[in-house]
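A.B. asks: There's a structure below that I have some questions on.
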Amino acid sequence: MTDQVSEEARVIPLRRAPGHPDAAAPVPARPGAPGPAAAEPLWRDLVGDVLRRERQAQERTLRDVADAARISLPYLSEIERGRKEASSEVLAAAARALGLGLGDLLSRTGSELAHRTGTASRAVRRAPYDGLCLAA
């Protein structure tokens, strides 16, 4: 049995390309997906913003950081612009080149996500633990 749907029809874009007539219109959510599709920023955009801000705060060039991290300059540029989803190894190398640990980078990225989505001001409520604690 052949499927008559074209490959183009199966692609669900995360965001419209700049210059597209509907670029300002929100991308519809997947059927059954909770909430709007563009409610939160993409992780790769946040990571890229954090890396770029840290690099610029240190007044370092893209080439300097790319060389120190042993990442190609074009690839690091695409990571900073949120165009590439980098592996944890690449992110760790970029963070180390900036004098950060991977945990520092992820923590700053998480803080940026909380800031942009407004969850930083919301208190996390946890139910009290009513279980039994056994000590050996």
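The values are calculated or read from the model by the stated rules, or taken from the named source; none is laboratory data. Because the structure is predicted, anything quoted here is derived from the model rather than measured. Side chains included, ligands, DNA and RNA excluded: accessible areas come from the protein's heavy atoms. Shrake-Rupley method; radii C 1.70, N 1.55, O 1.52, S 1.80 Å.
A.B. asks: Accessible area per residue for the range 64-112 in Å², computed with a 1.4 Å probe and the full protein assembly in place, what is it?
C.D. replies: 51
A.B. asks: Now, a different point. Out of the total accessible area of the range 37-100 (probe 1.4 Å, heavy atoms of protein only), what percent is carbon and sulfur?
C.D. replies: The C+S portion of the solvent-accessible surface of the range 37-100 is 45 percent.
A.B. asks: How much length is gained if the chain between residue 73 and residue 40 is pulled fully straight, taking 0.36 nm per residue apart and subtracting their Cα-Cα distance, in nm to one decimal?
C.D. replies: Between residue 73 and residue 40, full extension yields an extra 9.1 nm.
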